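Visitor: The structure under discussion is supplied below as structure tokens; questions concerning it will follow.
A short reminder: the numbers here are calculations on the coordinates, not readings from a lab. This structure is a prediction, so every number in the text was calculated from the model and none was measured. Counting neighbours? That spans all protein chains shown, and the Cβs are built from the backbone with ideal geometry, glycine included.
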Amino acid sequence: MSLPQFTDVTSLSNNEISEAIIRTEKELFTLRFKKATRQPFKPHEIKHAKRRLAHLKTLLTLRLDLIEKKQTNIVSELVKKNNY
């Protein structure tokens, strides 16, 4: 199993990304719990989960910033049109 790639998550919608973030955080919690209680687990899965979580959060942040920027531009255009 290779490390998760950023291109794997770019095709997801914002809702799917949010759900994947929650799922990955739960998975990471479970892995850390297994480590703390000395249950058998694969150590590389922690690294993969952390990386996937970082990819998902980065992509969601970029998309939300883009949406916010578009809304700001629309508001500024309306202000200019109406001479406020």
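Visitor: Report ³J(HN,Hα) in whole Hz for each residue of the range 9-24, in order, from the Karplus equation J = 6.51 cos²θ - 1.76 cosθ + 1.60 where θ = phi - 60°; Gly and Pro get x.
Guide: Values per residue, Gly and Pro as x: 9, 5, 7, 7, 7, 4, 5, 5, 5, 4, 5, 5, 4, 4, 4, 5 Hz.
Visitor: Using packing as a proxy for protection, rank 14-21, 33-40 so that the peptide with the highest average count of other Cβ atoms within 10 Å comes first.
Guide: Most protected by this proxy first, the peptides run 14-21, 33-40.
Visitor: I would also like to ask the following. Run the numbers on the chain and let me know its relative contact order in percent, using alpha-carbon pairs under 8 Å that are six or more apart.
Guide: Values: 37 pairs, mean separation 31.8, N = 84.
With pairs under 8 Å counted, the relative contact order is 38 percent.
Visitor: Which values of log₁₀ I(q)/I(0), to two decimal places, follow from the Debye formula for the chain at q = 0.23 Å⁻¹ with a uniform point scatterer at every Cα?
Guide: Here the Debye-derived log intensity ratios amount to -1.05.
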